Amino acid sequence: RGLVGSEMCIRDRRAAMTGHMVLSTLHTNDAIASALRLVDMGVDAYLVASSLKAIVAQRLVRKICESCKEPAPISVDEHMLLKTLKAPQHTQFYRGAGCSLCFNTGYHGRIGVFELLELNHAMANALRDSDVRTFNEVAHKHPHYRPLSLGALEYAIAGETTLEEVLKLTAQVE
């Protein structure tokens with residue numbers, strides 16, 4: 001029988017509380033927002049804090065077509081993004097010029113960008129207290145946390161996607 005909305009949430013919560021691993025999907029902008037969304041959906045904050053172990057957020061970005069890849073100039077918006085993300089200076093970025101292989105789009109294929117947030121004790125305490133500000137601060141200070149925008153930027157630095165795609169992803173997340 002198909003479960004929807006709060007009925008599914010209740011079933012998943014009971015399963016998580018009994019020690020079962022529960023994989024579920026939520027529509028949020030990033031991993032940090034997912035934990036807070038569970039509380040917004042009516043799951044008790046102390047239950048989220050005690051049962052949630054990790055959250056993965058994912059997005060797809062378009063890959064530059066290797067057949068028509070060329071160096072790309074940086075726009076004013078892209079320059080501001082690079083400054084905000086503290087990107088390395090003097091990095092060469094690329095774009096696809098457009099060819100028959102990519103149907104003149106400059107892109108061929110997609111690549112996944114992922115963000116992993118493993119909850120630690122401080123994050124769980126902030127969730128228990130429903131302290132959104134502290135949860136955000138602690139999550140961003142986690143040594144292994146890397147936002148989606150930085151993952152996408154790494155692909156652009158490696159020449160696999162464009163800064164335009166990074167800018168689009170960053171705008172979606174923020």
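The values are calculated or read from the model by the stated rules, or taken from the named source; none is laboratory data. Remember, predicted model here, so these are calculated numbers, not experimental data. Here the Cβ is made from the backbone with ideal geometry for all residues, glycine too, and neighbour counts use every protein chain on show. With ligands, DNA and RNA removed, areas are computed over all heavy atoms of the protein, side chains included. Shrake-Rupley method; radii C 1.70, N 1.55, O 1.52, S 1.80 Å.
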Quote the Stokes-Einstein diffusion coefficient, in whole µm² s⁻¹, for the stretch 56-132, based on the Kirkwood radius over alpha carbon pairs, a temperature of 20 °C and a viscosity of 1.002 mPa s.
136 µm²/s
Selection from 107, 68, 87 lying farthest towards where the dipole of the stretch 63-130 points positive, charges on Cβ:
68
Scale the Cα Rg of the chain by the rule-of-thumb value 2.2 N^0.38 Å and send over the ratio, two decimals.
1.25
When we measure straight from the Cα of residue 63, which aspartates and glutamates land under 16 angstrom away, once same-chain ones fewer than 8 places off are left out?
154, 160, 164, 165
When the chain is modelled as a GNM with alpha-carbon springs shorter than 10 Å, which of 50, 100, 67 fluctuates the most?
100
Which net charge results when you count Lys and Arg as +1 and Asp and Glu as -1 among the other residues whose beta-carbon is under 14 Å from that of residue 96?
0
Can you tell me what the convex hull of the Cα atoms of the stretch 83-122 projects to on average, as an area in nm²?
5.4 nm²
Contact order normalised by residue count of the chain, Cα under 8 Å, 6+ apart, percent:
27 percent
For the stretch 28-96, report the translational diffusion coefficient in µm²/s to the nearest whole number, using Stokes-Einstein at 37 °C, 0.692 mPa s, and a Kirkwood Rh over Cα pairs.
208 µm²/s
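What do you reckon, how do 107, 46 stack up by accessible area (1.4 Å probe), largest on top?
The ordering from most to least exposed comes out as 46, 107.
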Residue 120 and residue 150 label points (each 7 Å along its Cα→Cβ direction) are spaced in nm at 1.3 nm
Gaussian network model of the chain, springs between alpha carbon atoms under 10 Å - residue of 159, 151, 109 with greatest fluctuation:
109
